[in-house]
Amino acid sequence: MPAGREVAAAGKYRGLVGNPLQTLSLADLRRRTSEKWRRYPPDVLPLWVAEMDVPLAEPVARALTEAVALGDTGYPLDGTDYASALAGFARERWGWAPTVEHTRLVPDVMLGIVETVRLVTGYGDAVVISPPVYPPFYDFLRGADRRVVEAPLNAEYRLDPDALDRAFAEAVAGGRQAAYLLCSPHNPTGTVHTADELAMVIELSDRYGVRVVVDEIHAPLIYPGVTFRPYLSMPGSERGLTLLSASKAWNLAGVKAALAVAGPAAVDDLARMPKVAGDGASHLGALAHTAALRYGGPWLDELLAGLDQNRRLLGDLLAEHLPQVRYRPPEGTYLTWLDCRDLVLPDGDSGAPADPAQVFLERGRVALVSGPLFGTGGTGHARFNLATSPELVTEAVRRMAAALR
Ligand SMILES: Cc1ncc(COP(=O)(O)O)c(C=O)c1O
């Protein structure tokens with residue numbers, strides 16, 4: 001497409017009043033010192049790690065600046081403010097609320113997952129995960145001396161009952177304890193699991209005695225027309241444990257805090273979590289997350305409108321410039337999973353098929369996340385982060401297409 005039409009295409013997706021994805025210039029963003037902006041040289045457009053190119057929501061910025069002005073930078077109390085803010089948000093958005101007394105403050109979602117998995121499994125036990133999935137699931141579970149058993153998603157990126165059945169059987173073989181770590185919504189495909197799919201998980205996990213731990217960090221990021229169903233709102237989920245956080249939806253990865261929530265039959269398990277497990281949460285984090293959940297709803301809606309435009313823009317741009325890339329718009333999250341297996345790529349080192357993310361980085365100067373890191377099903381894929389301006393989404397696809405010429 002000629003340059004003029006390209007600009008017009010991006011223009012069609014601009015102009016949302018208050019779109020936080022259109023506030024910061026590339027020059028502003030390049031002044032950031034976080035991993036997203038400093039991992040690669042300045043000529044690389046970074047659309048990899050799950051950070052967003054947005055300013056802070058005003059209520060969050062206010063909570064943080066007031067705390068800094070007051071020197072209110074001590075230890076967090078116990079997370080009950082955060083939990084009651086989450087309960088208010090969850091009740092309004094999802095028609096379900098966690099019981100504040102059944103929650104624990106944890107430093108972040110990944111450390112919360114590790115502590116929770118430790119409550120319901122022992123040394124060397126298996127934890128089932130559904131690849132392609134968030135790469136640190138592998139590292140953190142193995143680091144906690146758990147065995148990873150894979151139950152891959154099906155070709156439509158949905159949970160696969162047969163794969164889960166096989167994986168659960170393998171996980172509990174020999175009478176061992178086991179857990180299933182469910183990513184809901186799913187990173188990297190943006191799949192939002194339906195109530196029927198969650199009911200299937202409950203049925204199978206009950207049959208095998210597998211405990212379910214659910215990572216719902218992306219749950220506030222759901223697109224119009226899609227319904228998110230919190231795992232613990234499902235009948236039969238009473239033994240489940242969920243991790244929730246404001247960190248993805250309000251871009252707060254640098255001010256850490258998260259919540260572990262127990263279903264009614266897992267309360268005694270959560271009570272066994274050592275007190276020190278929560279000590280790594282930051283007071284500033286808890287304040288920021290609380291403000292986000294309590295007052296950040298209007299900002300989130302503007303963000304979601306911008307992301308919704310971007311997921312459609314990406315589809316149009318790929319159809320135009322890279323029609324061999326298969327793309328299913330995500331149902332939730334700002335992450336998208338690009339199936340690049342039909343692209344003709346130069347051979348990689350040692351003559352093996354090249355990794356598309358590597359080609360886009362080296363020849364196009366766009367950083368995506370390499371598919372094989374996400375486990376089985378990742379080869380030939382790359383993860384693209386939509387949480388930027390329409391102009392940078394457009395520029396990224398232009399660079400990706402140019403990389404293949
Ligand atoms: C599914 C999922 N879980 C956990 C995390 C990390 O969360 P935290 O920084 O709270 O550990 C991410 C970050 O992108 C994620 O996508």
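Tabulated data for the structure shown
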read-out	value
Whole-number percent relative contact order across the stretch 208-320, with pairs defined as alpha carbons under 8 Å at least 6 apart	23 percent
Backbone HN-Hα couplings from phi across the stretch 182-196 [Karplus 6.51/-1.76/1.60, Hz, Gly and Pro as x]	9, 9, 9, x, 8, 9, x, 7, x, 5, 9, 5, 7, 4, 5
Principal axis box of the stretch 89-216, alpha-carbon based, largest edge first, Å	43, 32, 27
Amide proton proximity set for VAL366, modelled H, under 5 Å, gap of 5+	LEU45, LEU361
Scaled radius of gyration (Cα, divided by 2.2 N^0.38 Å) that the stretch 21-95 gives	1.48
For the stretch 276-286, Karplus couplings with θ = phi - 60° (6.51, -1.76, 1.60), whole Hz, Gly/Pro x	4, 4, x, 5, x, 5, 9, 4, 4, x, 4
Using θ = phi - 60° and Karplus 6.51 cos²θ - 1.76 cosθ + 1.60, couplings along the stretch 122-132 (whole Hz; Gly, Pro as x)	x, 3, x, 6, 8, 10, 8, 9, 10, x, x
Over the stretch 42-189, relative contact order from alpha-carbon pairs under 8 Å, at least 6 apart, %	18 percent
Built amide H within the under 5 Å cut-off of TYR180, gap 5+	VAL128, ARG211, VAL212, VAL213
VAL148 long-range amide H proximity, modeled H, under 5 Å	VAL127
Kirkwood-based shape ratio for the stretch 77-133, expressed as Rg/Rh from alpha carbons	1.07
Reference-scaled alpha-carbon Rg (2.2 N^0.38 Å with N residues) for the chain	0.98
Compactness relative to 2.2 N^0.38 Å, alpha carbon Rg of the stretch 51-148	1.39
The stretch 108-147 - Kirkwood radius from inverse mean 1/r over Cα pairs (Å)	10.2 Å
Using alpha carbons only: equivalent-ellipsoid semi-axes of the stretch 294-340, gyration tensor based, whole Å	26, 11, 5
Accessible area of the chain belonging to carbon and sulfur atoms, whole % at 1.4 Å probe	53 percent
Distribution of pairwise C-alpha distances over the stretch 156-295, 10 Å bins, in %	11, 37, 35, 15, 2
Antiparallel bridge percentage (DSSP; both residues within the chain; nearest 5)	50 percent
The stretch 258-405, Cα convex hull volume normalised per residue, Å³	183 Å³
Projected-area mean, the stretch 91-165, by convex hull of Cα positions, square nanometres	6.8 nm²
Residue-normalised accessible area of the chain, expressed per residue, 1.4 Å probe, Å²	41 Å²
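The values are calculated or read from the model by the stated rules, or taken from the named source; none is laboratory data. Here the structure is a predicted model, which means the values were calculated and not measured. Note: accessible area is taken over every heavy atom of the protein model, side chains too, but ligands, DNA and RNA are not part of it. Shrake-Rupley method; radii C 1.70, N 1.55, O 1.52, S 1.80 Å.
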